[in-house]
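The values are calculated or read from the model by the stated rules, or taken from the named source; none is laboratory data. Computed from a prediction, not measured in an experiment: that's the story for all the values here. No Cβ is skipped: glycine too gets one built from the backbone with ideal geometry, and neighbour counts run over all protein chains shown. Remember, those area values only see protein heavy atoms, side chains included, never the ligands or the DNA or RNA. Shrake-Rupley method; radii C 1.70, N 1.55, O 1.52, S 1.80 Å.
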Amino acid sequence: MSLVNIVLALVFFIAVVLSVVIFVGSKKSKGTVYMGWASLWASLWVLSMLLFRVANTVYFLNFPSRALYVSGILISLSFLMFSFVFLDHSPNPIARHRTRILLYLLTLLLVGATIFTTTIISDVTVTGGNTVLFGELYPLYGAVLISHFFWAYINFFKRYRKVNDKGERVQLRYIIVGTLVSVVAGLYFDILAPYLLRDFRHYWVGPALIVLFVGITTFAISKYRLFSIRVIAGQLFIFALWIFVLVRTILSDTANERIINGGLFISTVIIGVLLIRSIFQEVQTRERMEGLANELAGANERLTQLDQQKSEFLSIASHQLRSPLTAIKGYSSMILEGSFGPVTGDKLREAVDRIFLSAERLVIIVEDFLNVSRIEQGRMQYDFSTVNLEELVDGVVKELEQNSKKAGLTVTFEKGANGPFFIHADFGKVRQMVTNLLDNAIKYTKQGSIALSINKDSATRKILVKIKDTGIGIAPEVITLLFQKFSRDKNAGKVNIMGTGLGLYVVKELMKAHKGSVWVDSPGEGKGSTFYLEFMAE
Ligand code: ADP
């Protein structure tokens, strides 16, 4: 056997295995089936070339010659079909049904003409080397085959320009560049040169190079589907082993040898089948896992979207709540001040008082909601300027005076001697933080006092605001969790039902933007707590 024939036999063998691999691996995607067909026809093409080369009578030459051209046009058609579907993510890739049927019909006609008539292959001859004589319709045959490939590449190029996914672009590049070598060689050495130059010397080059065509597309698909190149290599090796042992069995000289080789063959087949099965099982598991991962990714995306919608909703709802609340707060305060005439009777005063206090608390909650949604949507804006922290805290204490009085708590504010206490901050945000902390202290203290203080450490230039209460205190195991979103101590609900668990989260986030810190101390449940805000002095 000449070297060329050995190469062809090898290519045939590889192409068969790869087409099986593609067929098995392509169960889930319609597109790759076409590539399976392309490789199957490619193996027929290579086999025909091998037979063409070894045939030594006109009678025997006839069959492979026609098979060569039948498989040729079927390769081009399958490749074209593959190009329509591969990486096309639309729900129905080959939408133009009629085009497909027309293409099939045309190819079928040419296949029929090749097999049954002399219009494409008029004759074959063995004198002066095996050659083919072409009929009058051969140019049509060549033109159709070439246009199949041409069209396929146009499809691939179009897809290449359209896809954004980096992996898919790489796949397409592999397919375009990888197949081009084999296709150009095949077109030249097997379609054009034999007809135009009557040159059959390199007739075998196309089929030999088709190994690239099949190999590279399989590789490219496998990056997409899941059978990896290692799996393919493993199978190739097993098949090679089988063939090797089978040939040895057939060629055995003695009966003894044949029995030994036969036994060897059977055992390699059994072990091989088991091995291949386990490989496929592994591939399947991987595929399933990949599927699950995709599902999870999808679910995750939906959740992120939902989360976003929730933040938007929160933001809109809070905005809507803000103005009526301001009105409630404003009017109730005016009523209390007597702007609409004297408020007669303790019951009435009490009722309006309640309205005012609740509105005030609601304002804080709504503001927290707004802040949370701003933080989550990343559109929190800060307006930094020089802020007198001492004045700010004073203001908050006054603002909440009604609440603390109502709760029967004494509130004190002790100012350190080393003032003034200027910081670089967003006034509104710092006010919100201090309000939150003082409001909490009032909410969670049933009796006793709240002591605020402000001090500066001259060495570190840090300003510390302390808010110490004699309230319900915090258990050590929850103390670290309080600054998380929606986190509330189980006792908090008992003391104050109207809580959201957002206040401290907002304080922490706002404090981050101020490059300061917030923390809390508490000796334990029922023993009061102290919250600290630490800023850098300006
Ligand atoms: P809310 O007060 O709306 O529940 P916060 O985020 O302001 O939300 O507070 C979270 C939790 O921290 C409260 O539910 C409460 O358990 C605890 N907490 C906050 N401040 C105090 C305090 N001064 N004393 C005791 N517990 C507090």
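Structural remarks
- Checked against a 28 Å cut-off, the cross-linked pairs K456/K508; K415/K508; K406/K527; K329/K415; K406/K468 give Cα-Cα distances beyond that limit for K329/K415.
- For region 417-538, the normalised intensity computed at q = 0.09, 0.11, 0.14 Å⁻¹ comes to -0.24, -0.36, -0.58 (log10 of I(q)/I(0), Debye sum over alpha carbons, equal scatterers, no solvent).
- Span-like helix criteria (full DSSP H runs; alpha carbon extent of at least 18 Å along the helix axis; mean Kyte-Doolittle hydropathy of at least 1.6) are satisfied in the chain by 3-25, 205-224, 229-250.
- In this simple spin-label model, placing a label point 7 Å from the Cα along the Cα-to-Cβ direction at both D123 and R201 gives a separation of 2.5 nm.
- A dipole drawn for the chain from +1 and -1 charges on Cβ atoms has a positive end, and of F79, T460, F486 the residue lying farthest that way is F79.
- Net dipole in debye of the chain [+1 Lys, Arg Cβ; -1 Asp, Glu Cβ; about Cα centre; nearest 20]: 860
- Full extension of the chain between H319 and A299 gives 4.2 nm of extra length, using 0.36 nm per residue less the Cα-Cα distance.
- In a simple Cβ point-charge model (Lys, Arg +1; Asp, Glu -1; nothing else charged), region 346-470 has a dipole of about 240 debye relative to its Cα centre.
- Extension gain, A240 back to N5 (0.36 nm per residue minus Cα-Cα distance, nm): 82.9 nm
- Counting only DSSP H runs of at least 4 residues, each contributing -39500 (n - 2.57), and dividing by the residue count of the chain, the helix-based mean residue ellipticity at 222 nm comes to -23000 deg cm²/dmol.
- Per-residue Karplus couplings for region 523-535, computed as 6.51 cos²θ - 1.76 cosθ + 1.60 with θ equal to phi - 60°, are listed in order as x, x, 4, x, 10, x, 9, 10, 9, 10, 10, 10, 10 Hz, Gly and Pro entered as x.
- Label-point separation in nm, F116 to E337, each point 7 Å along Cα→Cβ: 10.4
- Residues within the reach of a label modelled at E312 (point 7 angstrom out along Cα to beta-carbon, backbone nitrogen below 13 Å), restricted to region 360-392, are 377.
- Within the full protein context, the accessible area of E350 is estimated at about 80 Å² for a probe radius of 1.4 Å.
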